[in-house]
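The structure under discussion appears below in the form of structure tokens.
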Amino acid sequence: MNLRFCNAKIMSRPNEPLREGEVCVSGGKIVSVSSCSSEEFTAERVIDCRGNLLMSGFCNAHTHAAMCLFRGVADDLPLDRWLFDRIFPMEDHLTPDDIYWGTMLQIAEFVKNGITCIADMYFFPDSVYAAVKNVNLCLAICGGANSSSAYDVVRFTDKMYHKYNTLSDRIRYIPGLHAEYTCDEKLIAAVADFAAEVNSPTYIHLSETLKEVGECTVRHGGLTPPQYLHKLGFFDHGGLAAHCTYADKDDIALLRQSGVTPVINGASNLKLASGIAPVYSMLKQGMRPALGSDGSASNNATSMFREMYLYSCLQKETMKDAAVVSAEEALEAATINGYSALGFNGGCIEEGKLADLILVDLEQPNMQPLSDPKKNLVYSADSSSVLMTVAGGQIVYEQGAFHIGEPLQKIYSECSKRIKRLLSAANFS
């Protein structure tokens, strides 16, 4: 669809001044960004932004979408008990249909929150793709197997990699594993070898808890998780590492040299009492972290507004310096950093970029006065500020209306039915 957004305040990139103008979209791409009217452009719909803010959609660079099925059923537990006593027993009974409907529920939340790009690490990627293609999000499917997976992980990785990296510029597959502590050395080395063969980055949970780091050093002769994975060649072609909560300065230097993007999950790490990632140190060493929500079983929401706020403010408290990690740096982490790390040509408003856009309502009490709209986005906005979400030139959310391929009530009904079955199958009340 050809769309023309006029009378907008445009944030092309977080580190550039806002400008007044219009944006034209065709074929899923941004074809012009101008301060004047593009009368020669034929639009099927002209959207009067009425002075509101047009910006890139958000990138949620670490999530387990269908885990929203487990929202509220494993709360107020430490990570080990949350994962091994509650989540894993229910996951043993998941079906492809469960993943489809759980992903659809999460998609509804994504688009309401202005999220247009995701990196999903979960089961049954074909079901994830079936849900996401309804709504045209950018999707990076990330391998998340472990040593107990009941299939040939490398063969499956090969199949998924060659299937999904040939479909479109909005879908890709990134070889990956769950974590060091759930994967033996042979498996890690095998996936690293595959990534080297195809010249691909990799993805993994990394240094999420102090316990994880300590036990890794005991198992592997004093090597931290980043050092151990580096030894096995896991990041030889770069990649992404979720959490990095307990990456020390040497780990950060090693990850930076390896071309690894840390994906910070502030809300999930706080809720599970896992810790606070050293974002300030990462930025000082020249890294460009991305943001993720993690799954809705541990967060329990997928608000990039909340993640941006925590990304900035937790560092201000940790460093005892209110000047560190600016709103603009938080906006970069939530948009262009994630898109770039995942290999998608988006995250900003420029000609030729993917038409992943959100319209933010500036006529709200929490956004006024407009002394600095960027600061307001990070420190006072929330999901209610999103008027419209556009994914690849397709309007998927507009002022309470969802255009996601399935009716909301059917999604709610299916998910309610499925979590009851999963709780029963795992012998939970």
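The values are calculated or read from the model by the stated rules, or taken from the named source; none is laboratory data. No experiment lies behind these values; they were computed from the predicted model shown. Because the Cβ atoms are built from the backbone with ideal geometry, glycine has one as well, and the counts that use them run over all protein chains shown. For the accessible areas, the whole protein counts, side chains as well, though only heavy atoms, and no ligand, DNA or RNA atoms are used. Shrake-Rupley method; radii C 1.70, N 1.55, O 1.52, S 1.80 Å.
Brief remarks follow.
- Computed Rg/Rh of the stretch 204-269, alpha carbon atoms with Kirkwood Rh: 0.94
- Short-range pairs are left out: with C-alpha atoms under 8 Å and at least six residues apart, the relative contact order of the chain is 22 percent.
- For the stretch 122-191, the alpha-carbon coordinates run over 37, 18, 17 Å along the three principal axes, in decreasing order.
- Using C-alpha pairs below 8 Å separated by at least 6 residues, the relative contact order for the stretch 157-310 is 17 percent.
- Ranked order, ASP48, ASP250, ASP92 - accessible area, probe 1.4 Å, largest first: ASP92, ASP250, ASP48
- Using alpha-carbon coordinates, inclination of helix 185-198 to the longest axis of the chain, degrees: 40
- The C-alpha atoms of the chain define a longest principal axis, and helix 96-112 lies at about 40 degrees to it.
- 20 °C / 1.002 mPa s Stokes-Einstein diffusion coefficient of the stretch 194-325, Kirkwood radius on C-alpha pairs, µm²/s: 142
- Over the stretch 241-301, the alpha carbon radius of gyration divided by the compact-protein estimate 2.2 N^0.38 Å works out to 1.10.
- Lacking any other cysteine beta-carbon closer than 4.7 Å, the following Cys residues of the chain have no compatible partner: CYS6, CYS24, CYS36, CYS49, CYS68, CYS142, CYS183, CYS216, CYS244, CYS313, CYS348, CYS415.
- With the largest listed first and rounded to whole Å, the semi-axes of the equivalent ellipsoid of the stretch 55-95 from the Cα gyration tensor are 25, 13, 9.
- The chain - share of DSSP beta bridges that are antiparallel (%, nearest 5): 45
- Debye, to nearest 20: dipole size of the chain, +1 on Lys, Arg Cβ, -1 on Asp, Glu Cβ: 240
- Solvent-accessible surface of protein heavy atoms, probed at 1.4 angstrom with all chains present, puts TYR129, TYR246, TYR173, TYR151 in the order TYR151, TYR246, TYR129, TYR173, largest first.
- Calculated on the alpha-carbon coordinates, the convex hull of the stretch 284-429 measures out at 188 cubic angstrom per residue.
- Here is the tail figure for the stretch 247-348: Cα pairs spaced more than 24 Å apart come to 18 percent of all pairs.
- Rounded to the nearest angstrom and listed largest first, the equivalent-ellipsoid semi-axes of the chain from its Cα gyration tensor are 34, 24, 21.
- In the chain, the longest principal axis of the Cα atoms and the axis of helix 304-319 are about 70 degrees apart.
- Per DSSP, loop chymotrypsin sites (Phe, Trp or Tyr not before Pro) in the stretch 1-93 with at most 11 further Cβ within 10 Å: none
- Averaged over its residues, the chain has an accessible area of 38 Å² per residue, based on protein heavy atoms and a 1.4 Å probe.
- Checking the cross-link pairs LYS211/LYS231; LYS163/LYS186; LYS320/LYS353; LYS271/LYS320; LYS9/LYS353 against a 30 Å limit on the alpha carbon distance flags LYS320/LYS353 as lying beyond it.
- Solvent-accessible area of VAL46 with every protein chain in place, 1.4 Å probe, in Å² to the nearest 10: 80
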